[in-house]
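Novice: A single structure is presented below for examination.
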Amino acid sequence: MGMKRLGILLSGRGSNFEAIADNVAKGAIPAEIAVVISNNPHAAGLEKARHRGLPAVCIPSKGMEREVYDRLVVAELQRRQVDLVCLAGFMRLLSAYFIQQFRDRILNIHPALLPAFPGLEAQRQALEHGVKITGCSVHFVDEYLDAGPILVQAAVEVRDDDTVDTLSARILAQEHRIYTEAVNLVLSERFRIEGRRVIRT
Ligand code: GRF
């Protein structure tokens, strides 16, 4: 049996992708990165992937209907024999078609303690709401926004002098740590999903 194959989907900076790629390179994630796909031709993460010598593919989403687009992405993932899809700042909702093709094999990272502050600008939402603790969550992806069963979370304190930028940076350091933890949990297959609960076995 060969190594499990990861497919990374991103739209922007790609720091979570880099954290995963670093850990793959170090042998801290027992898998290989089969492909990095961006919907945004200008994503910095795409360039970072090419720089690392990884297969990097742009599939532009602009003006395309959701499922038509998702069929292209799924075809590319299947062509590369991807086992596990990691959304890493991929700024799109997935269609039911996509979810069905990779049932319980799609992860996402969100910069808040879900179910608090789903959607865009979660760090700003947390700061403006006045919570004292926020964090990040890695969860399975379903048809809904930031909604599937949660694999790993990390808590981060909100300080009185925080700005969106300082808070985001503190959360991001934890994102980079827990995404690898979640990928390794899924690869180990040492869990089961009971309703909304991911239970380690
Ligand atoms: C991260 O904050 C992640 O939680 C959110 O989008 C951002 C992506 O950052 N989903 P990067 O592209 O991984 O640097």
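Just so it is clear, none of the values below were taken in a lab; they were calculated from the coordinates. The structure displayed is predicted, hence computed values, not measured ones. In this analysis, Cβ positions are derived from the backbone assuming ideal geometry, glycine residues included, and neighbour counts consider all displayed protein chains.
Novice: Considering Cα pairs under 8 angstrom that are at least six residues apart, work out the relative contact order of the chain and quote it in whole percent.
Specialist: Value for the chain: 19 percent.
Novice: Follow-up question, since we're still on this one. Once you treat every alpha carbon in region 1-103 as an equal point and sum by Debye, what is log10 I(q)/I(0) at q = 0.16 Å⁻¹?
Specialist: -0.64
Novice: Then there is this: Starting from region 103-201, pick out the GluC sites (Glu not before Pro) whose DSSP state is loop and whose Cβ has at most 14 other Cβ atoms within 10 Å.
Specialist: Loop-located and lightly packed - GLU121, GLU143, GLU189.
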